[in-house]
Amino acid sequence: MDALTTEDVTKHFAPGDTVQGVRGDLHSVFKVMHAGYGFSGVLLTLRNTGNGGVTYCLWVVSEKGRVRCTMTAGDFAAADNAFVARIVDMSRGIGLER
């Protein structure tokens, strides 16, 4: 699936899908967690910067399919930890914590 941040998505994301930001940058999805309500979930993407580097972006998808970027980092560990933290935060919101 190719998604735009200016339109709501109509199906769930999967690794290999792309998200096009408002500046036209293409981000490749490689980690996905679905929250179970509508299209809500968390995505971790990467984008080649053109000079041999990559940028990681954390995206949140709303229940209705709105996609928005909440963090951009050049450090995978920071982006991955933010991905996990967002999953924990979402699980608290839907009553999955113990």
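Select from region 1-21 the residues that are without any contact (Cβ under 8 Å) to a residue 60 or more places away in the chain and touching a Cys at 6+ places or on another chain (Cβ under 9 Å) and write down the one among them that is surrounded by the fewest Cβ atoms within 10 Å (Cβ to Cβ).
It comes out as 21.
If residue 36 satisfies every condition in (1) in a loop (DSSP other than H, G, I, E, B); (2) in contact (Cβ under 8 Å) with a residue 60 or more places away in the chain but one, which is the exception?
Here residue 36 clears every test but (2).
Please enumerate the residues belonging to region 29-55 that are in contact with a Lys or Arg (Cβ under 7 Å, 6 or more places away or on another chain) and not hydrophobic (A, V, I, L, M, F, W, C).
If the condition is that a residue be in contact with a Lys or Arg (Cβ under 7 Å, 6 or more places away or on another chain) and not hydrophobic (A, V, I, L, M, F, W, C), then 38, 55 are the ones that fit.
Given the structure, is residue 25 under 29 Å from residue 92 (Cβ atoms), modelled with pLDDT of 80 or more and either touching a helix residue (DSSP H, G or I) at 6+ places or on another chain (Cβ under 7 Å) or not aliphatic (A, V, I, L, M) (or both)?
no
Inspect all residues belonging to region 83-92 and state whether any of them is touching a Cys at 6+ places or on another chain (Cβ under 8 Å), without any contact (Cβ under 8 Å) to a residue 40 or more places away in the chain and surrounded by 11 or more Cβ atoms within 10 Å (Cβ to Cβ).
no
Does region 31-44 contain any residue that is among the basic types (Lys, Arg) and buried (at least 16 other Cβ atoms within 10 Å of the Cβ)?
There is at least one residue in region 31-44 that is among the basic types (Lys, Arg) and buried (at least 16 other Cβ atoms within 10 Å of the Cβ).
The values are calculated or read from the model by the stated rules, or taken from the named source; none is laboratory data. Keep in mind that this is a model prediction, so the values were computed, not measured. Reconstructed Cβ throughout: ideal geometry from the backbone, glycine too, with neighbour counts over all protein chains shown.
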